[in-house]
Each structure stands twice: as C-alpha cells, then as structure tokens.
Amino acid sequence: MAQVAISKVAKAFGTVKVLHEVSVDIADGQFVVLVGPSGCGKSTLLRMVAGLETVSAGTIAIGDRVVNHLPPAKRDIAMVFQNYALYPHKTVEQNMAFALKLRKTEAAEVAQRVKRAADILDLNPYLKRYPRQLSGGQRQRVAMGRAIVRNPQVFLFDEPLSNLDAKLRVQMRTEIKELHQRLKTTTIYVTHDQIEAMTMADKIVVMRDGRIEQVGAPLELFDRPANLFVAGFIGSPS
Ligand code: ADP
Ligand code: MG
C-alpha cells in the first residue's frame, strides 16, 4: 500500500489552475523527489500534502486515511522549509522541543526525543544557542531536528538547501540521504535542482506547468526520458 497516495489532485487559485489532476503514489520508506522549473506547482502540491493549502479536486491519503480535510497537526507529517522557520527567541533545544510541548508530550519523553535528534544531527554542542548564533548548515540541521523529534510518518522538504552555498549544499545532501537511510521515513523532497533529484531520489517526479511529465527512478529518466523536456531537464543527450 502506498504511504502517500495523491490521486487526481488539482489546484486552482481563483480562476487560475496551477495543478491539473496530478497522481503520485509514494511507497512506505521511499524517498521521492518532485523536480521541475520554478512556478510549476511543486510547493503547492507539497503544501497540500501538508495541509497548508486546500485541495480543489481529487484526494490525498496518508497511510489508510484520506486527509483532505484534516488540519496539518493531525496528518502525522513534518515539514522542513527553505527558510528554516526557526523561532528566533528560542534556543536550539527549545526549537526542537516546542512542537512536542504543544502536543502535551511528557517532559521526559520530550527530553529523550530531543537528545536522540541532537545525537543524530550532531547538534549537542549547540543546544543552548539561538538561531542567530548558528551557521546556515547548523540552522538547517535544527530545522531537520524539529521534524525528527515528532517521529512523523512522512517528511516533507521544500527546497531545504537552496539558501546554502554550493559546498554546504553537497554536504547537506549527503546528510539528508544518510538520515533517510537511518530512519527510513517516507519522504517527499521538492527541488528545482536536477542534481539533487538525481543523487537523492529513489523515484523522481518531473513536473512542468502543473502537470507530471514523467515518473521514474533516476536512471530510468536518464536512459529513457519520455520527451524532450525531461531529457533537457535531466540533462541526458537525446
Ligand atoms: P514551485 O514551487 O514549483 O516554484 P508553486 O507551487 O510555488 O511553484 O507555484 C505554482 C503556481 O501557483 C505559480 O504560478 C504561483 O505563482 C501560483 N501560486 C502559488 N501560490 C499561490 C497563491 N497563494 N495565490 C495565487 N497563486 C499562487
Ligand atoms: Mg516552490
């Protein structure tokens, strides 16, 4: 069974259609990358899975539940944003603990989960620091820590590396993949960067203008692009 099933999902803002009946199945533990040029509808689709945008038509299921009408907090997902969205007046530790406290998790459980995330992400030296006292890569790790402590069924990433310099981007790419290999959490990862898509994905969904052009493993897309757009985008000769 698909962990996330997006079935004929469409989105219009007013009269402007930005997604046209998009369907994607994501298996348990899979790392799926949505890739495509700026404006093609990647963030909108991810935000609908997160519950941050309403669905105009179609259904989104997570596990065995249709979630179209569930608020974000009830979807068992955790999202990592491009701008990190950390709380500036909370320490690293408090940033990670906050979502759990809101859910009235017991203090001992909060402490244990924060410790585990800090261990996984090498954040122990920085727990008492504030976001402004961290580098870009460290902030990104805190944003990931905040997602990990919630132990969600699904991680959603929206261009998490685009504010980092090229060297750090490569390093964080590896870290996110290692994190996935370790936790095996089902992941939907949005990027406009084909190299990120090719190196990180189990399965790539190539989008253009609110439609899916092709879905496949990185090598499948590279070897057998469905059309010139995919060929050009993925960078294979054709
Ligand atoms: P991507 O993430 O692929 O760059 P988006 O999902 O952000 O693309 O946007 C897809 C299209 O929807 C764009 O044309 C964008 O301008 C439009 N759009 C996104 N959010 C809104 C909104 N809240 N209101 C109106 N149009 C929007
Ligand atoms: Mg976007």
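A few points about this structure:
- Highest mean packing first, where packing is the average number of other Cβ atoms within 10 Å per residue, the peptides 9-19, 58-68 line up as 58-68, 9-19.
- Angle between the chain longest axis and helix 107-121 axis [Cα atoms, degrees, rounded to 10]: 60 degrees
- Helix 92-102 axis, angle to the chain major axis (alpha carbon atoms, nearest 10°): 80 degrees
- Sorting 24-37, 211-224 by their mean Cβ neighbour count within 10 Å, with the most densely packed peptide first, gives 24-37, 211-224.
- Peptides 71-82, 188-199 ordered by packing proxy, namely the average of other Cβ atoms within 10 Å per residue, highest first: 188-199, 71-82.
- Of K11/K203; K128/K184; K8/K203, those spanning more than 21 Å from alpha-carbon to alpha-carbon: K11/K203; K128/K184
- Near G41: Cβ cut-off under 11 Å, other residues only, Lys/Arg at +1 and Asp/Glu at -1. The net charge is +4.
- Reachable aspartates and glutamates from K104, criterion Cα separation under 19 angstrom, eight or more residues apart if same chain: D76, E93
- Counted by Cβ distance under 14 Å from L19, the other residues give a net charge of +3, where Lys and Arg count +1 and Asp and Glu count -1.
Values in this text are rule-based calculations from the coordinates and carry no lab data. Since the model is a prediction, treat every value here as computed from it, not as a measurement. Note that each Cβ is placed from the backbone with ideal geometry, even for glycine, and that neighbours are counted across all protein chains shown.
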